[in-house]
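Structure, as structure tokens:
The values are calculated or read from the model by the stated rules, or taken from the named source; none is laboratory data. Here the structure is a predicted model, which means the values were calculated and not measured. Backbone-built Cβ (ideal geometry, glycine too); neighbour counts: all protein chains shown. Areas reflect the complete protein model, heavy atoms only, side chains present, ligands, DNA and RNA absent. Shrake-Rupley method; radii C 1.70, N 1.55, O 1.52, S 1.80 Å.
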Amino acid sequence: MARRVMSIWLPQLPLDRRVRLGDPRIGDIFAITAEIKNASRLTHLSPLALSAGLRPGMSVPDARAVCPQLMTEKSDLAREEMLLRALRRWADSLSPWIALDKPDGLMLDVTGCAHLFGGEQAMAEQAVQQFADMHITARIGAADTKGAAWALARYLTGASVPIAISKPSKAKNDLQNLPVEALNIEPKISADLRRVGLKTIGQLYAIKSGELARRFGLELTKALSKALGQAPDPVSPMAADPVYAARMNLPDPIGLKDDLAEVLRRLTDSICTRLEKDMIGARQFHLTVRCVDTGDHVISIGFARPCFDAGKVKRQFERPLDQLTIKFGADWFRLVADTLEPIRERPAKLTGIMGGEAEAAAEDLAQVITTLGNRLGFDRVRRFAPRDSHLPEAEFTTIEAADSQEVLLWKQSRPHIGRPNAPDSPNPTDSQSQIDTQRKRPLRLFRPERLSTLIPGRPPKAFEWRKARYVTVTALGPERLASEWWQDGFDSLKDYWAVETETGDRLWLMTYPAQQQPNWFVTGRFL
């Protein structure tokens, strides 16, 4: 039986992912961007963006000059690959021999499979229709070899003709009018070919392989030989990602709390047993409850750490199940573990040995994040993280606590070049010891609040702030900072002073040195 290969190309995969998520920007002037040649460029555009004159490959600044209303989103390669791997599992319905063709395609060996669908044309039409039902654009090519199928799918299909099929032993004729780029070679090689007038694959047939290899390298001759079936190029299948799911069909609907808890227990035990055996943890679990009157209800929970503990999963489902209204009962349930991660072996938790106390503390923190995240939303549970900037207000940011499992390393404070200044202190040595000479930041930072100067000085010897009077005892400064040069207003300078007052309060004062009449502000409070 002649070998047949089908290439499925998903040309709008990043954009289709946003469509599946219900992104409202898809109906407007919208584009997906990626970093290409040290510039952010458009890669996938919505129909309105194309009609506005934008084209793939344009840099974002050039595109905004053409269309200021353009909205963009960076390509998320990790999530796009997850979608592609999920589609690979769906493709099992077409053939058991499937390989990923990253970043936006699948390669199937359909030898002996097409007759089950009524032929290759019917098989491809069914696949295109099912992709359309999933809101995914697909182009399909079929031929005797991987290279030929890849070329047909990408260079002989379009919106009106999404399928191109080469008859057995006819790949050479079908490829001859396609551009040399259809051989899936490096852009430099195709540019060199065009420079000498070789623009189509058919023009390469008349040139000896040795001459092509000598002039353009072995990659060209290998690609041509594989596309024409003169060199072996099999589809190397990959195993589908395991799915950890369990479902239960009941002969009669149930609605009592105890019955629902028993169903959840059985589903959870089934999944978590397999997860623990494979040393895999899940960050999310999705429970689908099908009510006989209101249809499907999906309940989702998450974890700050990968989890395979059935008890923890059941506890997190208790509250959302209590809030689910089941009037006439439910008879179908399905639990799925999602966002899977491997779990490494951990040492025994011996108190004070091998970080046992730290591990217990981390476990407790993860439990708190999990509980709060399931109640408030994981995007609302955040933690501080360091950021590389010399500006006080930009030296930190906030990130989702559940997504930051690694240890966050804060940079050591750099020594301060200023010297302590104590206007009324008789002993400068005492002031040196009272204020740390490290460039440390206040525990609390807030927007600059103007203070009232009672006794002028640099910094003020006495001032009023928030209806309280303060007398400066010691001060350290100034620490002069300017904004980043690439930001607007980068030439503005600020002087910061750490002062300690008679009441023991340690405040962070700021002024603009360029002003003739200095105005002072409080921008932070030390412990």
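Where only DSSP H runs of four or more residues are counted, the chain gives -9000 deg cm²/dmol as its mean residue ellipticity at 222 nm, each run worth -39500 (n - 2.57). Pair-distance distribution of region 157-221: all C-alpha pairs, bin width 10 Å, starting at 0; shares per bin in whole percent are 20, 49, 25, 7, 0.
Can you find, among ALA191, GLY329, VAL66, the residue sitting farthest towards the positive end of the charge dipole of the chain, where Lys and Arg contribute +1 and Asp and Glu -1 at Cβ? With unit charges placed on the Cβ atoms, the residue in question is ALA191. The residues of region 1-134 have, on average, 50 Å² of accessible surface per residue, using a 1.4 Å probe with all protein chains present. For LYS146, the lysines whose Cα falls under 20 Å of its own Cα, not counting residues fewer than eight places away in the same chain, are LYS102, LYS167, LYS170, LYS172, LYS222, LYS226. With one equal scatterer per alpha carbon and no solvent term, the Debye-computed log10 I(q)/I(0) for region 106-195 at 0.10, 0.19 1/Å reads -0.28, -0.90. The residue list GLY27, VAL298, LEU228 was ranked by how far each Cα lies along the charge dipole of the chain toward its positive end, using unit charges on Cβ atoms, and LEU228 comes out on top. For region 185-230, the average shadow cast by the Cα convex hull is 2.9 nm², which is a quarter of the hull's surface.
Would you kindly state how much longer the chain becomes between ASP92 and ASP364 on full extension, computed as 0.36 nm times their sequence separation minus their alpha carbon distance, in nm to one decimal? Intermediate results must be reported in sequence, preceding the final value.
Numbers: separation 272, 0.36 × 272 = 97.92 nm, distance 4.19 nm.
Length gained, ASP92 through ASP364: 93.7 nm.
For region 197-351, the alpha carbon convex hull comes to 266 Å³ per residue, rounded to a whole number. Can you pull the percent of the chain's accessible area that's carbon plus sulfur, 1.4 Å probe, other chains left in place? Result for the chain: 52 percent of the exposed heavy-atom area is carbon or sulfur.
Determine the percent antiparallel among the DSSP beta bridges restricted to region 36-172, to the nearest 5. Please report the intermediate quantities before stating the final value.
Details: 6 of 9 bridges.
Antiparallel bridges make up about 65 percent of those DSSP assigns within region 36-172.
Only the Cβ atoms of Lys and Arg (+1) and of Asp and Glu (-1) were treated as charged; on that basis the dipole of the chain about its Cα centre amounts to roughly 1060 debye.
Take the Kirkwood radius over Cα pairs of region 243-317, plug it into Stokes-Einstein at 4 °C and 1.567 mPa s, and you get 99 µm²/s for translational diffusion.
Taking every alpha carbon pair in region 275-340, what does the distance histogram look like in 5 angstrom bins from 0, in percent? Histogram of Cα-Cα distances, whole percents per bin: 4, 16, 27, 22, 15, 10, 6, 1.
The shape of region 112-260 can be summarised by an equivalent ellipsoid whose semi-axes, obtained from the alpha carbon gyration tensor, come to 44, 18, 15 Å from longest to shortest.
The dipole here belongs to region 151-229: it is taken about the Cα centre, uses +1 on the Cβ of Lys and Arg and -1 on the Cβ of Asp and Glu, and is about 140 debye.
For region 250-317, with every protein chain kept in place, what is the accessible area per residue (1.4 Å probe, Å²)? It would help to have the intermediate numbers written out before the result.
On the way: 3350 Å² over 68 residues.
Using a 1.4 Å probe on heavy atoms only, each residue of region 250-317 averages 49 Å².
Prolate is the label for region 123-165, because the ratio a/c of its alpha-carbon gyration tensor axes (a ≥ b ≥ c) is 1.5 or higher and a/b is greater than b/c.
Apply the Kirkwood formula to region 203-291: the hydrodynamic radius equals the inverse of the mean of 1/r over all pairs of different alpha-carbon atoms; give it in Å with one decimal.
Working: mean 1/r = 0.0532 Å⁻¹.
It is 18.8 Å.
Spin-label model, GLN121 to LEU481: label points 7 Å out along the Cα-to-beta-carbon direction sit 7.0 nm apart. Placing +1 at every Lys and Arg Cβ and -1 at every Asp and Glu Cβ, with all other atoms neutral, what dipole size does region 1-138 have around its Cα centre, in debye to the nearest 20? Rounded to the nearest 20 debye, it is 260 debye.
Tell me the relative contact order for the chain as a rounded percent, counting alpha carbon contacts under 8 Å between residues six or more apart. Please list the in-between numbers first.
Details: 918 pairs, mean separation 43.2, N = 527.
About 8 percent, as a whole number.
Could you state the angle between the C-alpha long axis of helix 218-227 and the longest principal axis of the C-alpha atoms of the chain, as a value from 0 to 90 degrees rounded to the nearest 10? Taking Cα atoms only, the helix is inclined about 50 degrees.
Extent along the principal axes, Cα only, for region 16-166: 53, 28, 27 Å, with the longest axis given first.
Where in region 233-275 does the amide nitrogen come within less than 19 Å of the point 7 Å from the Cα of LEU218, taken along Cα to Cβ? Counting only backbone N, you get 233-234. List the aspartates and glutamates whose Cα lies under 18 Å from the Cα of LYS74, skipping any in the same chain that are fewer than 8 positions away. Correct list for LYS74: ASP16, ASP23, ASP28, GLU35, ASP62, ASP104.
Spacing of the modelled spin labels on THR503 and SER225, each 7 Å from Cα toward Cβ, amounts to 8.5 nm. At q = 0.07, 0.09, 0.12, 0.13 Å⁻¹, what is the base-10 log of I(q)/I(0) for the chain according to the Debye formula with one equal point scatterer per Cα and no solvent? Please give it to two decimals. Debye curve over Cα of the chain, log10 I(q)/I(0) at q = 0.07, 0.09, 0.12, 0.13 Å⁻¹: -0.68, -0.96, -1.20, -1.27.
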